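Working notes for the structure below.
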Amino acid sequence: MLIRDKRHFNTGVVMAIAFFGLFGLIMSPIFGKGMNGLEFSDDMFNKLSKGSAYFVPKVSKQNESYVGKQIQATVKYDKPDDAKKAAELVAIAGGKSELNGGELKVSGDVGKMLEVVIRDGDLMYKNDGAKLKETYGYDEKQAMKNWWTLLTKIDKALQLSKDFENAKMINEVNKKVVEPAYNFYGIQAQKVTDRLGMMSALLVFYVGYTIWWGYALFHLFEGLGLTVHKKVKVKKEI
């Protein structure tokens, strides 16, 4: 290997060694509860994401105007057992259903039914899934997933029947209540303002760490004489 500039090359080697040494430290389980640096930062940003995804009060307020509005929708499931569980959800929410194999006809007060979904989503968001397990008789995450599937199917059925207004509200509950409740279940929510210092420090470190590696490569290539030169076109005289 031909080294053309030892000073730049040695600087690059030292910077690269420091980079990988720090990387080894980051990957060590020393950041609390046996987590490495990546797991620690991922855990923190998940908590902050959950803290900014609490839309229950807003959606609950929106839903008030839908109490009293009736819907009728026919949905289909591949498995009759899944349709049966969906019928149980409808019954718990105060709606009516007719089950025929994998086909389920749903009707009832959409606002009242969504009130139950919002209540369940709020419990899941607050990691109080035991109440859902008691209500439905099986795993709380599965219950919330069953709600998501049923609401998605009803939403599509209502859109096909051009009942766009009720479909929109069902989709709103699914996106802003059910999905965050399911995805963030078990994670403790935190506000950005509570972890502003740590979040800023991580972002600054990430930018600085990336730049450090860039300069390490720059010095290594400079030491090896691997530089980029722009080829200048020579104008030929006629």
Of the convex hull drawn through the C-alpha atoms of the chain, the volume per residue in Å³ is 287
The answer for the per residue Cα convex hull volume of the range 55-183, in Å³, is 88
Checked against a 32 Å limit on the C-alpha separation, the offending pairs among K69/K145; K47/K153; K58/K79 are K58/K79
With M199 itself left out, Lys, Arg at +1 and Asp, Glu at -1 over residues whose Cβ is under 15 Å from its Cβ give +1
Candidates F55, F205, F184; GNM for the chain (alpha-carbon contacts under 10 Å) flags as most fluctuating F205
Footprinting proxy, S60, S161: sorted fewest to most Cβ within 10 Å, the residues are S161, S60
Summing -39500 (n - 2.57) over every DSSP H run of at least 4 residues in the chain and dividing by its residue count gives a helix-only mean residue ellipticity at 222 nm, to the nearest 500 deg cm²/dmol, of -20000 deg cm²/dmol
With +1 at each Lys and Arg Cβ and -1 at each Asp and Glu Cβ, the charge dipole magnitude of the range 55-183 around its Cα centre, to the nearest 20 debye, comes out at 220
When W147, W213 are arranged by how many other beta-carbons sit within 10 Å of their Cβ, fewest first, they go W213, W147
Across A86, A181, A216, the residue with the highest GNM fluctuation in the chain (Cα network, 10 Å cutoff) is A216
Here the relative contact order (percent) of the chain, from C-alpha pairs under 8 Å and at least 6 apart, is 31
Put in order of increasing Cβ neighbours within 10 Å, starting from the fewest, D81, D139 give D81, D139
For V75, the net charge from surrounding residues (Cβ-Cβ under 9 Å; K, R +1; D, E -1) works out to +3
With R₀ set to 45 angstrom, the calculated FRET efficiency between the beta-carbons of D139 and F19, to the nearest 0.05, is 0.50
Between K69 and L203, Cβ-based FRET efficiency (R0 41 Å, step 0.05) works out to 0.35
Taking R0 as 35 Å and r as the Cβ-Cβ distance between T193 and D128, the FRET efficiency 1/(1 + (r/R0)^6), rounded to the nearest 0.05, comes to 0.90
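FYI, it's all coordinate maths here, none of it is from the lab. No experiment lies behind these values; they were computed from the predicted model shown. All Cβ positions, even for glycine, are placed from backbone atoms using ideal geometry, and neighbour counts span all protein chains on display.
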